[in-house]
1. Across segment 16-52, what is the number of residues that are at pLDDT 85 or above and either surrounded by 10 or more Cβ atoms within 10 Å (Cβ to Cβ) or more than 22 Å from residue 67 (Cβ to Cβ) (or both)?
2. Is it true that some residue in segment 53-60 is outside any helix (DSSP H, G or I) and surrounded by 11 or more Cβ atoms within 10 Å (Cβ to Cβ)?
């Protein structure tokens, strides 16, 4: 009869499961590092004025038309 500790077979099974878990963890870390290092850095950081303009839009103080007009004026 086979049980939980039937010798080498059970140890090999646990080693295989641990190997798969470690491999998936390494793959996830690699993907995360690649995403952090290769994200789009071509965008310039927002100025205080642009940040304030976005906050006004988010609060509903201005509509999209006014947002785009003022954003264009800021970038001139």
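The values are calculated or read from the model by the stated rules, or taken from the named source; none is laboratory data. Here the structure is a predicted model, which is why all the values come from computation and not from measurement. Counting neighbours? That spans all protein chains shown, and the Cβs are built from the backbone with ideal geometry, glycine included.
1. At the first step, the residues of segment 16-52 found to be at pLDDT 85 or above are 16-35, 47-52.
Now drop any that are not either surrounded by 10 or more Cβ atoms within 10 Å (Cβ to Cβ) or more than 22 Å from residue 67 (Cβ to Cβ) (or both), which leaves 16-35, 47, 49-52.
Within segment 16-52, residues that are at pLDDT 85 or above and either surrounded by 10 or more Cβ atoms within 10 Å (Cβ to Cβ) or more than 22 Å from residue 67 (Cβ to Cβ) (or both) number 25.
2. Start the filter on segment 53-60 by keeping residues that are outside any helix (DSSP H, G or I), which leaves 60.
Then drop every residue that is not surrounded by 11 or more Cβ atoms within 10 Å (Cβ to Cβ), which leaves none.
For segment 53-60, residues outside any helix (DSSP H, G or I) and surrounded by 11 or more Cβ atoms within 10 Å (Cβ to Cβ): absent.
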